[in-house]
Every structure is written in structure tokens, then in C-alpha cells.
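One structure is given below, encoded as C-alpha cells.
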Amino acid sequence: MKKIFGIFLFVCILFLVVGSGHSQEAVPLKTIEVVASGKVEVVPDTVIIKVLARSSSGIMADALTLNEKKVDRIKEAIENLRITKEQVDISDTKINSDERSAFYSQSEALKYSATVIFTIRMKIEKTAPKPVEKKVEKILDALVRADASLCDIQENIYPPRFIPVAFSITNARQYESKILESALQEAKIKAEALAKTMNVQLGEIQEVEILSPLKKSGDLTIYSRCFPALDEEEMFSSGTLKEIPLTIYLTVKYSFK
């Protein structure tokens, strides 16, 4: 009987202790929040060349026929340049009708245009990045001779931008951990300085929010320009491709007491 009473008493005491703990209001955590950034500088490893085969005619079938011949000439030029099929992506044919000319001028008939986009991707040799400029110029010269269009006007942008050539970093996210490490180091320095000003002791990290993450996959285009007008002052330095900063911004919350 005493044993049963002892168990009952223990359960009652335990219930009172747990109940009293829940009745107490949680003390709000005091935090310091700072914004920081981290970056690494990376030399682009891929050059992307984009050209067009485009033909126009008042008859849709004629526009398609003309463009098929132009596509064949461009394919032949690419093959002669010893660019592999794996390096080239060819889009489907897109048909557009130029309704604006017919609307604004009754004397101009409705025109149809057929367009095929060629995208060439080539790795940049790290040991000799300078020749990539000459190689690109050689490719573009051959494609122009094959009647390719170098520049395309992007829709809904005025003035129009021309982007047949871009330099990219493949899988930029591989640098994410290094960038985050740099950002957290900067955050800690800022938080410690703020804590010192407030005359408090800095605690542990409570929360991290990334404000500008890197792309999850694919290429990160870091520079583009219409050829033949590559600005060496912008993209080249002392005969080599410039390193481009990859940056991540984040906010960090620290506790303090």
C-alpha cells in the first residue's frame, strides 16, 4: 500500500513541476542582425556564340525555303571550322509575320520571316585564354560569310541590345560554400563590432538568410557583347581574361547577453 501511495505522490509532483514550467512565459531572445557579403573571383571557362539564320518573304513557303538553304550553308561553315555537333545547339524554325509594316503602310505587303538560332559553346583553355578572342573572331567571320546574322534584337527592350557572344562560368554553384564561408566571416566581424559598441557579449548564430543565392544549375553568364566589338579594357587585362566576382549577400542573426 505504501509503495502504491509513493508512486501516486511521485506522479503528482511530476505533474506539478511540468505544469509550472509551461505556465512560465518564454523570455524573448535578444539578437543582433547584420548584413554581409562574400565573394570569390573566377575566370570564365566557357564562351557562347549565338548566331541566326533568318530569311524573309511575302510568301511563307518562300521564307522557309530560303532559310533552309541558309541553315545548310551555316552548318557547312561550322563543320569546316571543326566544331563538333556536341558543341552546337540548333533551334527549331520560328515563323513570324511582320504585321506592323502592313499596318503602317498600305503599300507594304505582309512579310513572313523564318528564323533558326545556332548556339555554339566552347571551353576556354585556361593555359592560353587570350587566343579565345581571335578564335571567336575567326568563327564569326566564317559564319558571316555563310550569311549568318550576328545580332538579334531582344523583344521588349529599347534601345535594343545585341548579344551574340557571352562568357560564362559552368556550374557556378560549386563555389557557393567558399563564398558563404567568406560572408559568414564578414558577418562575424560586423556583429562583434556592433556588440562591442553596445557593450554586450556576442552569442551564437541563430538564423542565416541568403538574400542573393547563386543559380542552382546551368551556366552563369557574366559578360556579353556584340562582336566584333569586344572591349578589351572591360574583359581582358594584360592579355588574359579577367576574373569575375561571384557574390552572395546574406543576413545573420546572433544572440547576445
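A146 versus (1) crowded, with 18+ Cβ neighbours inside 10 Å; (2) farther than 16 Å from I248 by Cα; (3) modelled with pLDDT under 90: which is the lone unmet condition?
Unmet condition: (3).
Can you tell me which residue among A128, A109 is at pLDDT below 80 and closer than 18 Å to S55 by Cα?
Values: A128 fails: closer than 18 Å to S55 by Cα.
Checking each option against the conditions leaves just A109.
Conditions: (1) within 26 Å of T65 (Cβ to Cβ); (2) part of a loop (DSSP other than H, G, I, E, B); (3) modelled with pLDDT under 55. A102 meets all but one. Number of the miss?
Against the list (1) within 26 Å of T65 (Cβ to Cβ); (2) part of a loop (DSSP other than H, G, I, E, B); (3) modelled with pLDDT under 55, A102 comes up short only on (2).
Residue-by-condition table, conditions (1) exposed (fewer than 12 other Cβ atoms within 10 Å of the Cβ); (2) at pLDDT 95 or above; (3) part of a loop (DSSP other than H, G, I, E, B); (4) in contact with a strand residue (DSSP E or B) (Cβ under 9 Å, 6 or more places away or on another chain):
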| residue | (1), (2), (3), (4) |
| --- | --- |
| E186 | no, yes, no, yes |
| A195 | no, no, no, yes |
| G203 | no, no, no, yes |
| S224 | no, no, no, yes |
| L230 | no, no, yes, yes |
| I248 | no, no, no, yes |
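Only residues that are assigned to a helix (DSSP H, G or I) and surrounded by 13 or more Cβ atoms within 10 Å (Cβ to Cβ): list them for the range 70-99, please.
Step one: of the range 70-99, the residues assigned to a helix (DSSP H, G or I) are 70-80, 85-87, 99.
Scanning the range 70-99 gives K70, V71, R73, I74, K75, A77, I78, Q87.
Condition first: farther than 28 Å from N171 by Cα, surrounded by 17 or more Cβ atoms within 10 Å (Cβ to Cβ), at pLDDT 85 or above and of a type in the set (D, E, K, R). Can you find one or more residues in the range 46-69 that meet it?
yes
The values are calculated or read from the model by the stated rules, or taken from the named source; none is laboratory data. In this text the structure is predicted, and so the values were computed from the model without any measurement. Cβ atoms come from the backbone with ideal geometry, glycine included; neighbour counts cover every protein chain shown.
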